[in-house]
Amino acid sequence: MIVDEERYFCCKGCQGVYHLLSDEGLDNFYDKVGNTPLAPPIEQFEDSANFDSPAFYDRFVKSDDEGFQEVALVIEGIHCAACVWLNEKALYKMAGVVDVHINFTTNKARITWADDVVKLSGIIDMIRAIGYNAFPYDPSLQEARADKERKDYYLRMAVAGFSLMNMMSISFAQYHGYFSGIEDDIVTILNVGEWVLATPVLFYSGWVFFKGAYYGLKNRIVNMDILVATGAVLTYFYSIYITLLNLGEAYFDSVTMIIAFVLFGKFLEVLSKKSAADTLDVLFKHVPGEVNVIKGETVEVVNVNDVIIGDIVILQTGEKAALDGIVIEGEGSLDESSLTGESVPVYKQKGDTVISGTISIDAALRYEVTKDFEHSTLSNLVAMLENSMSKKPRIEQLANRLSEYFSSIILIFSLITFLVWWFWPHDFDTAFMVGISVIIIACPCALALATPVATLVGLGLGAKRGVLFKEAAQLETMANANTVIFDKTGTLTQGRPEVVEVHWIDESINKDVLYALVMSSTHPVSKGVAVYLSDEVDQHLALDEQNQIAARGIVGRYKGKMLVGGNRAFMVDHGVKCDIEAEHTAFYYAVDAELKAVFELKDQPKEDAAETIAFLKRHGVHAVMLTGDHERAAAEIAMEVGIEDYESELMPDGKEAYIVALQNSGKKVVMVGDGVNDILALARADIGIAMGNGSDIAIDVSDVILMNDSLKSLGEAFKISYTTYGLIKQNLALSLLYNAITIPLAMAGYIIPLVAAVSMSVSSLLVVGNSMRIRYSWNRQ
């Protein structure tokens, strides 16, 4: 009850607007609008307030390091690049929205916002206000939604197909009468029959184009749907005009064929896009939702989200591991191919790690969980893949900008064509059909699809091969790189240095203390020394303090004595005199500034290192090795793998400075590393690539992750980048060439609307099919 008068509202939104206007003294707004009857919304959506519920946030919303919220949504109703542009622009204008990325191929949106400024329900309301709908991305529900979409297309195509087949028989009679003679009233009857058949095709089967055109006009965007709807509607009503005035043969058959062929092409496009996305979705679809957890004397079935670190999980033969952990009982083989791309099973026993996403072949294991489900390897992989799909390469952004103006230009061309043909031959009928052909044959979809489909296939192929690109844009950057920087230990070499010679200056030293010092470090050299000493240790001691200096050494203290271990330069900086020259990688050990022992270690190059370097050279990529090791060890490894340029005894900031110098000279630099000492270089390079067994921080700052320890994956990463980028350029060339040839032909009157409709669909399918070649050609390898 408001001002002694009962008011009714069609929805809560209108009620809120009314109260807002009343509070501001703007009640006369409704007087200016007039007495307009109210009605409930035509399309009922789920209450957007549900998106703000704690349960929804717990399942679908994540917070980033800066405190912003992030969600993955699927936007329903996207038909072309203009739809993507409209949604992104509308959301960017909202206060509190930080970032928006929408993938045209999958219709998946990744949105980042400040929850204290705008609620997720407000973002959903904005998407609905411009004519679309959104729901949370859930791989387990994607197939059901895809089935629903396919069934809708099936029904619409069935109506179009039925009408088209019956119309062909009528058209046959018309064409036969055209040559043998036919009375005018019979022609009119046949036109009416086609009119009846064409009407459901246009307004039911073609409804998807009208809906897209409506929202395009409403938001002042000229999209592909406007082109199709304009051509079909103008032809339909012109045919009605011909029929009513008995002016001869109408063009209802062209209306039906335009809608039928474009709709069929759109359906095939949907199937192709779904096929391209399947490689990514398959990683998440079959993750078990529950696991068997040992609770005291019993085994309980627990949801994966409720499992905590330290729980003991049972993994049976044939099951997929949902969580990461360490084996505490049992042994057997696990299939890690879905993560690493390596088909050879990996044998696991007590003390080995279990990676989420791997499948037990013959192993019955019990393992202790080391990461909860949200932070598991598989969950992180899923999150990074979703992020990679949402970030557009620069070449795709250029294509999208072109497609924004493409449809408007085509409408102008069509109008000019119509006017020229009308005023020159003075034939309205011919001028009209030629103008319609120009509208129908132009295809902005082929241009919009040129990049995202190829990119999606490339990302999916990389995921299957154990190569994870964090952003799609990195495919383009990597394809244009001309310099690759390699770390030595753990990247070019196996990362397991073995002691080959020991110089004992003082054989009476406490080896238990030395062992405790090297065990406090994660560096491969320290680990090699620890392995060598492991058989000579009597007891495991705890140092009073210890500190690791990246790429240099370790400092510790035990019972008042200062312990120092590391490379030669590190020892000199701590006042230790080092007279012994080592031929291999050296680890010096001193107590209270007095040298006690020197360990020489040698690390073997990886089997595929030389082959990978040779591959890069063949593609014009210059390879450089940067290491903190001394000159002799660096030169030996560089020679074995085929690298001419290398720098030794570099600190982490020295590696970074080297990369900066290359970039300043115009080089596109890729850095490949695995350790904490590589993080500055990885972050500075145009593309940082981390080995899958590298440190967590190195993986975090890198752009590409090689899920296995093989440099063969690096070569495949470059192959995928080269192939994908090449396909993108081919697709753009095909799209531009198609339009450059067919539009002038249509303007010249050589193409009828029927042929234009077929050509339009074929051009999109050609681009999609060309992109899919990479998948099938690699599957045969």
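Numbers below:
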item	result
Some residue of segment 419-428 being hydrophobic (A, V, I, L, M, F, W, C), touching a residue at least 12 places away in the same chain (Cβ under 8 Å) and open to solvent by less than 50 Å² (accessible area, probe 1.4 Å)	no
Residue within segment 621-636 that is polar (S, T, N, Q), surrounded by 14 or more Cβ atoms within 10 Å (Cβ to Cβ) and modelled with pLDDT under 85 present	no
Lone unmet requirement of (1) surrounded by 16 or more Cβ atoms within 10 Å (Cβ to Cβ); (2) modelled with pLDDT of 70 or more for residue 284	(2)
Filtered residues of segment 206-247 (kept if hydrophobic (A, V, I, L, M, F, W, C), assigned to a loop (DSSP other than H, G, I, E, B) and open to solvent by 30 Å² or more (accessible area, probe 1.4 Å))	222, 245, 247
Near pairs, Cβ below 7 angstrom, 6+ apart or cross-chain, from segment 499-526 (farther than 20 Å from residue 562 by Cβ) to any residue that is open to solvent by 10 Å² or more (accessible area, probe 1.4 Å) and of a type in the set (Phe, Trp, Tyr)	499/532
Residue in segment 623-638 that is out of contact with any helix residue (DSSP H, G or I) (no Cβ under 8 Å at 6 or more places or on another chain), on the phi > 0 side of the Ramachandran plot and outside any loop (DSSP other than H, G, I, E, B) present	no
Spans of strands (runs of 3 or more DSSP E) in segment 56-132 with at least 2 residues within 21 Å of residue 214 (Cβ to Cβ) and either without any contact (Cβ under 8 Å) to a residue 12 or more places away in the chain or in contact with a strand residue (DSSP E or B) (Cβ under 8 Å, 6 or more places away or on another chain) (or both)	69-76
Checking residue 54 against (1) at pLDDT 80 or above; (2) within 21 Å of the chain's Cα centre (by Cα), the condition it does not meet	(2)
Which listed residue, of 484, 499, 467, is over 11 Å from residue 724 (Cβ atoms) and open to solvent by 10 Å² or more (accessible area, probe 1.4 Å)	499
Filter result (β-branched (Val, Ile, Thr), outside any strand (DSSP E or B) and either open to solvent by less than 20 Å² (accessible area, probe 1.4 Å) or closer than 18 Å to residue 481 by Cα (or both)) within segment 701-717	none
Subset of segment 145-191 that is open to solvent by 60 Å² or more (accessible area, probe 1.4 Å), of a type outside the set (D, E, K, R) and farther than 16 Å from residue 260 by Cβ - its residue that is modelled with the highest pLDDT	189
Matching entry among 61, 117, 97 (being buried (at least 20 other Cβ atoms within 10 Å of the Cβ) and among the aliphatic types (A, V, I, L, M))	97
Residue 657 touching a strand residue (DSSP E or B) at 6+ places or on another chain (Cβ under 7 Å) and part of a helix (DSSP H, G or I)	no
Within segment 133-144, considering residues that are in a helix (DSSP H, G or I) and surrounded by fewer than 15 Cβ atoms within 10 Å (Cβ to Cβ), the one modelled with the highest pLDDT	144
Answer from 447, 411, 398, 415 - the residue that is surrounded by fewer than 24 Cβ atoms within 10 Å (Cβ to Cβ), modelled with pLDDT under 70 and in a helix (DSSP H, G or I)	398
Some residue of segment 470-477 being modelled with pLDDT of 85 or more and of a type in the set (S, T, N, Q)	yes
Selection count where residues are open to solvent by 60 Å² or more (accessible area, probe 1.4 Å) and under 27 Å from residue 633 (Cα atoms), scope segment 550-569	1
Failed condition for residue 592, given (1) of a type outside the set (S, T, N, Q); (2) under 30 Å from residue 483 (Cβ atoms); (3) open to solvent by 50 Å² or more (accessible area, probe 1.4 Å); (4) at pLDDT 90 or above	(2)
Residues within segment 568-603 that are assigned to a helix (DSSP H, G or I) and of a type outside the set (Phe, Trp, Tyr), tallied	5
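The values are calculated or read from the model by the stated rules, or taken from the named source; none is laboratory data. Quick caveat, the model's predicted, so the values are computed rather than measured. No Cβ is skipped: glycine too gets one built from the backbone with ideal geometry, and neighbour counts run over all protein chains shown. Accessible surface is based on the protein model in full, side chains and every heavy atom, while ligands, DNA and RNA are left aside. Shrake-Rupley method; radii C 1.70, N 1.55, O 1.52, S 1.80 Å.
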